[in-house]
Structure formats: C-alpha cells, structure tokens
Amino acid sequence: MQEKSYVIAIVVVLGICCLGAYVAISGFLNSNPSALPFSTPVLQATSIVINLPTDTPAPVTSAVVPSVRPTSVPVPSPLGAFQTITAATTIVIPTVPPTLARTATPAASSPATQSCAGFPFCWKYGAPDAILGPTGNECPRNYIWGLVTDASGKGLPNVRIRHQAPNGEYGETLTKDKPDVPGKYDILAPSGTFVIWIVSSGAQLSPQVSVVVQPHTLGSNVCLMRIDFFQQK
C-alpha cells in the first residue's frame, strides 16, 4: 500500500514538472516568435548568370580544297556528241567546191534506136548535165537538147539542126560556139512528139530522131530529152 502511494506521488510530481516546463516554453516562444523551430523557411534567391552571344564572329577555318586535275574519263551525254570532259572541239570548215568548167559531160553509151548506116552523123541518149542542160537544169522536161561532136568528141559549132513540131511546123537551130559550150544546142519543146535531124545545104546528115517530151527516168543516168549527135569515123 505504501509503495502504491510512492508511485502516485512520483507521477504527480512528473506531471507538475511537465506542466511547468510546457508553460515556461510557451511563454518563451510567444515572446520570441523568431525562435520557433517550425517557422516558415525563407527562400534565398539564387543569381542566374546568362551568357548572351555577342556579334564577334567566330574564327573562320580555311578549308584546304585539293586541286582536281581534269581527266578524260567518259561521261554520259544526252546528245551523244562529246563523250569526254576534256574532249577538244573540232570545227569542220566545209570546203567550197571549185567552179565547174564549162565542159560537156560525155554522152551515155546507150545504143542508137535507129540505124545510122549511110549518114555522116549518128545519135545516142546523153546523161543529165546541169552545165549543158538549158536553164542550168540537169534534165529539163520542156527542152530537147544535146551536143554535136566530131569523131574525136570535140564540140562542133554552127551545125544546123532541123526539127518538126507536133503540129507539123518546121524549124531550125544552130549549135552554139564560145563563150558557150561549142556544139551545144537546145530546142523548146513544151509537149508532144518532136522529130530532129542534122542538115547541111538541104542534105540530111543524120537519121531523123523522134523525141517524146517526158522527164528522164531517175537512177537510169539517161536523160530521154537529151539527144547527142556524133560524127562517125
């Protein structure tokens, strides 16, 4: 019983001590609020340093570019004209053909369509010739033309050629002399069939040749409107 009383006394003493301590601490804190351990913490501002870029340019580093030597490696070309990088351009200057001399082209070797026996002159077809042909045409359609030569092939000027037109009318023409081609002749023949032959003082010196006005056949090397007369040996 006595021990129980001691315990109660001790508890009471401790309670009084705790109460006194609480009162003392409360009074101290009320008079010094800054001393409160649980006061709101003060935030301290931390200075932030921001480095802004300036206008000072950065140093430029010179790049060393290796020199490239041209090679002749083939490269594709859309036109297929030049196939290398270093291909040289070749300029081809066309040559101008020399002026043709006014000489007649030898007659074609086509055989005569009529017998020339008993006449001083025979005849044959000739090849197209732009120099000998009238108006510079190698084989004009509206002319009968050709060359009269001696036995050696030399042109004979002033030889009389008689012709008969489709309407039956007669006419005569002389072979030309220099400065034209000696022995050359031409007869205007618009259409139809003409007959031509060589005469001298009324005598017939060649067979009569019928000529139908028509263009020559391409690729035949024969102009059907060209009739050459040549002197027989």
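Every read-out reported here was derived from the displayed coordinates using simple, explicitly stated rules and does not represent laboratory data. Just so it is clear, the structure is predicted and the values come from calculations on it, not from any experiment. All Cβ positions, even for glycine, are placed from backbone atoms using ideal geometry, and neighbour counts span all protein chains on display.
Can you tell me the relative contact order of the stretch 161-212? Whole percent, Cα pairs under 8 Å, sequence separation 6 or more.
In percent, rounded to a whole number, it is 33.
Enumerate the lysines that residue 184 could reach by cross-link, defined here as Cα to Cα under 24 Å, with residues fewer than 8 away along the same chain left out.
Residue 184 reaches 124, 154, 176, 233.
In debye, nearest 20: dipole of the stretch 121-231 around its Cα centre with unit charges on the Cβ of K, R (+) and D, E (-)?
About 80 debye.
Distance from the Cα centre of the stretch 118-185 to that of the stretch 7-21, in angstrom?
Going from one Cα centre to the other spans 168 Å.
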